[in-house]
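Novice: There's a structure below that I have some questions on.
The values are calculated or read from the model by the stated rules, or taken from the named source; none is laboratory data. Bear in mind the structure is a predicted one, so any value in this text is a computation, not a measurement. No Cβ is skipped: glycine too gets one built from the backbone with ideal geometry, and neighbour counts run over all protein chains shown. Accessible surface is based on the protein model in full, side chains and every heavy atom, while ligands, DNA and RNA are left aside. Shrake-Rupley method; radii C 1.70, N 1.55, O 1.52, S 1.80 Å.
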Amino acid sequence: MFKKLKRPTFTSADIEAQLSRSMKPTAPPKTSNPSRPLVKTLQDTQTSQLYLRSLDSFVQEKEHEIERICNENYEDFASAVGMLLGLREGTGHLKSQIGLLDEQIGQVGQELSNKKRALLRHKKVARNIDEAIDSLQSCLRVLDQVNKVKEMITSKKYFGALRALEGLRTLPPSTISSTPFYQQIMLSIPLFRTEIKSSVTAEQNAWLLGIRESSPLVGQLALRHMEVRARKWKSKVERDGNVKQVRIGSAIELVNNEKSEFNPLNNEHISMDFKPLLQCIHIYDALNSRAELQQAYQADRQRQAQLILSTRGAITPENISTTLPGLMEDLVGFFIIEQHVLKTTRTFRTSREVDELWDEMSVAIVEVVSDGLKNCEDSTTFLAVKLSILRFEQTLEGYGYDVSALTRLIMTMFERYSDLLQRKYSADFDQIVMEDDNQPMLVKDQAEFDQVVAACWLAPGEAEHLATQPFPRTMPFSQTFPMCCINIRDFVDQFYHFVEGVTQRHRNIDELLRKSLDGLLISHVSKNICNRLSKMNNLSQIAQAVINLEHFAQAAEQLETLLMTLKYGIGHQASSSAGSVLTLRSSESFHAAVDFAQDRIDSLIASKLDEFFEMAEYDWTPALPASMRKRGVVSGTAAQAVNRPSSPAVGQAGQRQSTTMQWFDANTTREPSTYLFEMITFLTAYVDSVLIMLNERIKTRAYRKALEHINGGLLSYLVGPDVQKLNEQALKNLVDDVTFIEKEVKRLEKPGLDDVFDEIKSMINLILSEAVQAYMEPSIRQGSYTSVKPKNLKIVLDKLGRWVPDPRNITGDDALRMTRRRKEAELVSKLVPPSR
């Protein structure tokens with residue numbers, strides 16, 4: 001703006017001085033005009049009229065002065081008038097010049113005015129330009145910040161970009177604050193935020209894709225390290241049996257493994273970078289959108305987990321052993337990354353979300369494996385699948401995951417595997433037992449002998465005893481026993497091969513093993529042998545079966561020790577609690593089978609003895625010589641012949657009652673019955689030759705059972721319905737046969753055989769010594785005749801009461817004898833308990 005000019009004043013002195021300058025000689029007007037400055041001043045100040053009026057006043061003042069001077073000095077006045085006229089002329093001339101100058105100044109003033117207006121316009125334009133420049137510079141600064149934001153986004157400096165955007169948003173008010181440009185920039189800030197959000201999300205998605213591709217390698221490395229740990233721990237367990245019960249993942253095992261720590265996410269093979277995820281979380285936190293990211297991340301990871309399962313295709317028994325390891329690697333890598341994200345991001349992932357995802361995948365894994373093993377009959381496949389799941393379980397358990405579902409899956413697999421083994425070995429055991437020739441096994445050389453001894457469970461010292469025999473060596477057992485032992489060892493090895501690493505944590509595995517072994521040994525060895533025994537009629541084969549069964553019983557007991565060793569380790573002393581002692585019921589089954597085989601031996605021997613009984617031709621009413629039919633008391637010699645009891649009371653009673661005729665020849669001992677002689681000869685030869693391999697206890701039992709059968713056969717003659725009547729001489733003849741048997745048995749020098757015929761001997765002695773009355777006394781009956789049964793005694797007395805030497809000529813002695821026997825029978829019947 002131009003400053004306002006102060007209006008000038010024109011005094012007389014000023015005008016006079018101006019006129020004096022004007023009066024001086026001047027240059028031509030074109031070159032110089034002394035009045036031009038004055039005119040310019042008057043034009044600039046717009047005081048030309050004022051100047052003219054001041055000039056008129058000056059003129060009048062000068063005129064008055066001239067007049068005064070003239071009045072004082074005429075000449076001077078006249079000259080002054082001349083001067084005044086000259087001055088007037090000069091003034092006129094000056095006025096004309098002033099007019100001309102005024103016109104010129106007007107023109108110049110107009111030009112100056114136009115220039116001034118133009119200058120004002122130019123200054124306004126300049127001012128506007130300056131303001132525009134300031135605005136543009138402000139805009140450029142804003143655009144520069146915007147460009148910096150774009151560059152930061154391009155260079156992935158997202159957090160710096162957000163800070164720059166925040167700086168833009170909080171700029172102080174300026175000249176451009178109300179401009180559309182500024183408003184547009186402010187409106188673009190959310191778009192930039194969205195772009196940053198999209199960029200970090202894209203990077204995170206790319207990272208998710210990358211870890212999806214890297215998860216198999218992470219899982220492979222983790223599982224490989226777990227396999228190394230397992231082998232290392234197994235080696236330690238083999239060296240130190242005291243840690244056999246310690247499982248992988250326990251405190252002791254972790255201490256043992258701490259020197260070989262391994263990070264599957266950062267090693268020489270792979271280095272996982274979690275920066276994109278952490279950056280994404282940081283940016284979303286800055287945008288107050290963490291919940292959105294958490295939800296999207298959870299959904300993405302869930303889809304990836306499901307994709308792991310869906311991309312494997314159908315898993316069948318044929319491909320599960322090759323497909324499952326890859327699936328396990330993917331899942332292990334997936335959940336190791338999940339656990340790492342959970343720990344490093346703190347509140348971004350919650351344990352609940354990860355656990356829910358893990359539980360969901362655990363159920364899916366169980367379903368996949370169960371479907372894959374459906375109808376699978378290959379034990380090798382079960383072992384391969386079990387190993388994959390076990391390593392999978394052990395690895396993820398170390399990262400804090402709940403593996404109870406996998407444990408149950410392993411147990412379910414184990415039950416199926418055990419059933420598969422049972423069915424496989426059941427068929428093997430059935431074939432071995434049913435195809436056995438029940439002949440002693442021959443071993444040709446030392447190598448074969450060593451193999452047999454190594455496979456079999458033998459009694460202490462038995463192997464050393466067998467080693468003294470020359471080749472070919474005859475083993476006590478048939479080929480069934482070593483073949484079954486080999487199969488048992490294979491079964492136990494395969495069983496524990498499956499449960500290796502899990503047996504110490506699941507006690508019901510031991511129970512399942514016990515049931516499986518008992519099932520095999522009882523149902524497919526013991527019972528099959530018994531079934532074959534029931535159809536065998538060859539005593540030597542039955543004897544061989546007995547030997548086999550005894551070895552099986554011994555093997556079952558030693559098998560218990562082996563199982564305890566496999567469970568607790570060598571030298572470990574298991575407690576006596578029910579959960580720590582593994583007892584096989586098959587041992588009892590084999591002992592029961594031995595008893596059955598012995599019964600079968602007894603049955604076959606009895607059937608042979610029955611054949612001899614069929615040849616028996618006893619005369620139960622033999623006639624007495626005429627010389628014997630006379631009255632008299634039975635002599636002491638006769639009483640001794642029938643083994644009179646040691647009780648004096650019995651002997652005296654017998655003498656008091658023997659006042660009738662003597663009804664048997666007490667002084668003569670006849671030869672044994674032919675059938676009986678052949679029977680005993682057969683028995684001793686047969687048992688000693690056929691049962692030669694059996695131990696003395698079994699042979700003694702066979703003798704006793706055979707003698708008991710003979711005793712039963714003889715007793716059946718006395719009390720059975722086939723013989724309706726008999727006499728005392730027949731009893732005497734029977735005692736002679738019994739005496740012969742006892743003498744022959746005594747030569748065998750077998751303990752426990754001398755009381756087999758006590759009932760027959762005591763009963764006949766009781767009758768022939770006429771001690772029935774004494775038998776009625778409880779003290780005598782319980783002391784000397786404990787083996788005599790009242791019922792049998794009554795039957796024999798009844799049969800004696802029915803016999804008479806000559807039914808057509810019954811004498812008084814005959815009648816007396818018959819009456820006495822009948823009364824004795826009635827008396828003894830009082831001791832017979834009533835039948836129910």
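Novice: Set the Förster distance to 51 Å, then compute FRET efficiency between N71 and Q107 from the Cβ-Cβ distance, nearest 0.05. Write down the numbers at each step before the final one.
Specialist: Values: r = 46 Å, r/R0 = 0.89.
Computed FRET efficiency for N71 and Q107: 0.65.
Novice: For region 418-514, place one equal point scatterer on every Cα, skip the solvent, and apply the Debye formula. What is log10 of I(q)/I(0) at q = 0.16, 0.20, 0.24, 0.25 Å⁻¹?
Specialist: So the normalised log intensities work out to -0.78, -1.00, -1.20, -1.25.
Novice: Going by accessible area, probe 1.4 Å, with all protein chains left in place, what is the ranking of R391, R163, R489, largest first? Write out the running numbers ahead of the final one.
Specialist: On the way: R391 35, R163 165, R489 65 Å².
The residues order as R163, R489, R391, largest area first.
Novice: Roughly how many debye, to the nearest 20, is the charge dipole of region 58-119 about its Cα centre, given +1 on each Lys and Arg Cβ, -1 on each Asp and Glu Cβ, and no other charges?
Specialist: Using only the charged Cβ atoms, the result is roughly 640 debye.
Novice: Something else about it: Return the carbon/sulfur percentage of the accessible area of region 686-737, one whole number, probe 1.4 Å, all protein chains in place.
Specialist: Details: 1060 of 1910 Å².
Heavy-atom surface of region 686-737 belonging to carbon and sulfur, 1.4 Å probe: 56 percent.
Novice: Would you report the distance distribution of C-alpha pairs in region 702-836 as whole percents per 10 angstrom bin, up to the bin with the largest distance?
Specialist: Per 10 Å bin, starting at zero, the Cα-Cα P(r) for region 702-836 comes out as 11, 40, 33, 13, 3, 0 percent.
Novice: Continuing with this model, one more query. Based on the Cβ-Cβ distance from T811 to D619, what FRET efficiency comes out when R0 is 25 Å, to the nearest 0.05? Don't skip to the end; give the middle numbers.
Specialist: Numbers: r = 21 Å, r/R0 = 0.85.
Rounded to the nearest 0.05, the efficiency is 0.70.
Novice: So, one more: Pop the C-beta distance of N319 and D402 into the FRET formula with R0 = 35 Å and round what comes out to the nearest 0.05. Display every interim value, and only then the final one.
Specialist: Working: r = 29 Å, r/R0 = 0.82.
Here the calculated transfer efficiency is 0.75.
Novice: Can you list the aspartates and glutamates whose alpha carbon is less than 13 Å from that of K527, not counting same-chain residues fewer than 8 positions off?
Specialist: Within reach: D430, D518, E588, D595.
Novice: Given a 1.4 Å probe and heavy atoms of the protein chains only, how would you sort R701, R514, largest accessible area at the top? Walk me through the numbers before you get to the answer.
Specialist: On the way: R701 60, R514 35 Å².
Largest accessible area first, the residues go R701, R514.
Novice: When N is the residue count of region 259-374, what does its C-alpha Rg come to as a fraction of 2.2 N^0.38 Å?
Specialist: Values: Rg = 16.6 Å, N = 116, 2.2 N^0.38 = 13.4 Å.
Compactness ratio reported: 1.24.
Novice: Another one. Report the extension gain between F262 and I189 in nm, rounded to one decimal, defined as 0.36 nm multiplied by the number of residues separating them, less their alpha carbon distance. Display every interim value, and only then the final one.
Specialist: Values: separation 73, 0.36 × 73 = 26.28 nm, distance 4.64 nm.
Result: 21.6 nm gained on full extension.
Novice: Sticking with this structure for a sec: Taking the Cα centre of region 402-474 as origin, work out the dipole magnitude from +1 charges on Lys and Arg Cβ and -1 charges on Asp and Glu Cβ, in debye rounded to 20. Intermediate results must be reported in sequence, preceding the final value.
Specialist: Values: 6 positive and 13 negative charges, 51 e Å.
My answer is approximately 240 debye.
Novice: Working out 0.36 nm times the residue gap between L278 and D610, then minus their Cα-Cα distance, what length gain in nm do you get to one decimal? All intermediate terms of the calculation are to be shown ahead of the outcome.
Specialist: Numbers: separation 332, 0.36 × 332 = 119.52 nm, distance 9.77 nm.
Extra length from L278 to D610 when fully extended: 109.7 nm.
Novice: Identify all aspartates and glutamates with a Cα-Cα distance to K124 below 18 Å; exclude those on the same chain that are fewer than 8 residues away in sequence.
Specialist: Partners within reach: D134.
Novice: Of H282, H64, which has the most accessible area and how do the rest follow, probe 1.4 Å? Please report the intermediate quantities before stating the final value.
Specialist: Numbers: H282 95, H64 120 Å².
Final ranking, largest accessible area leading: H64, H282.
Novice: Which of the pairs K40/K116; K150/K197; K699/K789; K705/K750; K732/K794; K750/K791 have their Cα atoms more than 21 Å apart in this structure?
Specialist: On the way: K40/K116 15 Å; K150/K197 13 Å; K699/K789 29 Å; K705/K750 13 Å; K732/K794 18 Å; K750/K791 31 Å.
K699/K789; K750/K791, as the Cα separations exceed 21 Å there.
Novice: Going by average Cβ neighbours within 10 Å, how do the peptides 743-751, 548-556 rank, with the highest at the top?
Specialist: Numbers: 743-751: 13.1, 548-556: 24.3.
With the highest mean Cβ count within 10 Å placed first, the list reads 548-556, 743-751.
Novice: Would you calculate the separation in nanometres between label points at D14 and K743, each defined as 7 Å from the Cα along the Cα-to-beta-carbon direction?
Specialist: 19.7 nm
Novice: Got a sec to turn the phi values of region 431-447 into Karplus ³J(HN,Hα) couplings, 6.51 cos²θ - 1.76 cosθ + 1.60 with θ = phi - 60°, whole Hz, x for Gly and Pro?
Specialist: After applying 6.51 cos²θ - 1.76 cosθ + 1.60, I find 5, 4, 5, 6, 9, 5, 8, 6, 10, x, 7, 9, 10, 7, 9, 5, 4 Hz.
Novice: Describe numerically, in nm with one decimal, the distance between label points set 7 Å from Cα along Cα→Cβ at V363 and at S271.
Specialist: Each label point lies 7 Å from its Cα, and together they span 4.1 nm.
Novice: What nm value, rounded to one decimal, do you get for the distance between S787 and E415 when each label is placed 7 Å out toward the C-beta?
Specialist: 5.8 nm
Novice: Tell me, in nm to one decimal, what length is gained between E89 and L120 on full extension, where the rule is 0.36 nm per residue of separation less the Cα-Cα distance? It would help to have the intermediate numbers written out before the result.
Specialist: Details: separation 31, 0.36 × 31 = 11.16 nm, distance 4.35 nm.
Extending this stretch completely gives an extra 6.8 nm.
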